[in-house]
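First up is the structure itself, then whatever we jot down about it.
The values are calculated or read from the model by the stated rules, or taken from the named source; none is laboratory data. The structure displayed is predicted, hence computed values, not measured ones. As a convention, Cβ positions derive from the backbone with ideal geometry for all residues, glycine included, and neighbour counts pool all protein chains shown.
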Amino acid sequence: MTQATSKIPALALALALGAAFVALPAAAQSADKDKCFGVALKGKNDCKAGAGTTCAGTSKIDDQGNAWKYVPKGTCEKTPSKTSPTGFGQLEAFKEKQA
């Protein structure tokens with residue numbers, strides 16, 4: 001094996017390990033948090049907000065039903081939401097109620 005080809009597996013391993021370590025904080029963060037739909041302010045959602053949005057900060061309205069924000073585990077359905085049918089955040093996306 002040449003010196004160039006022996007570096008390829010080492011590089012692949014390094015990249016794979018780096019990707020694994022990058023993923024750890026998100027997994028650790030979500031362990032004690034819930035994705036709470038309908039509680040993020042306009043442009044303040046944590047990530048993908050459903051159709052018409054791409055990721056963090058792309059929600060179009062306050063309390064958008066398909067946009068989520070991380071909240072402490074167990075608090076989502078106690079967090080007020082002006083658009084939710086129940087008046088509180090939901091653990092799954094929902095269609096906003098009309099005012």
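So is residue 14 over 13 Å from the mean Cα position of the chain (by Cα), at pLDDT below 60, in a helix (DSSP H, G or I) and surrounded by 10 or more Cβ atoms within 10 Å (Cβ to Cβ) or not? So residue 14 passes the test.
Among the residues of segment 53-99, those identified as of a type outside the set (A, V, I, L, M, F, W, C) and part of a helix (DSSP H, G or I) are 77, 78. Note on segment 66-83: residues that are within 8 Å of residue 37 (Cβ to Cβ) and either out of contact with any strand residue (DSSP E or B) (no Cβ under 6 Å at 6 or more places or on another chain) or not assigned by TED's automatic domain parsing to the domain that holds residue 38 (or both) amount to 2.
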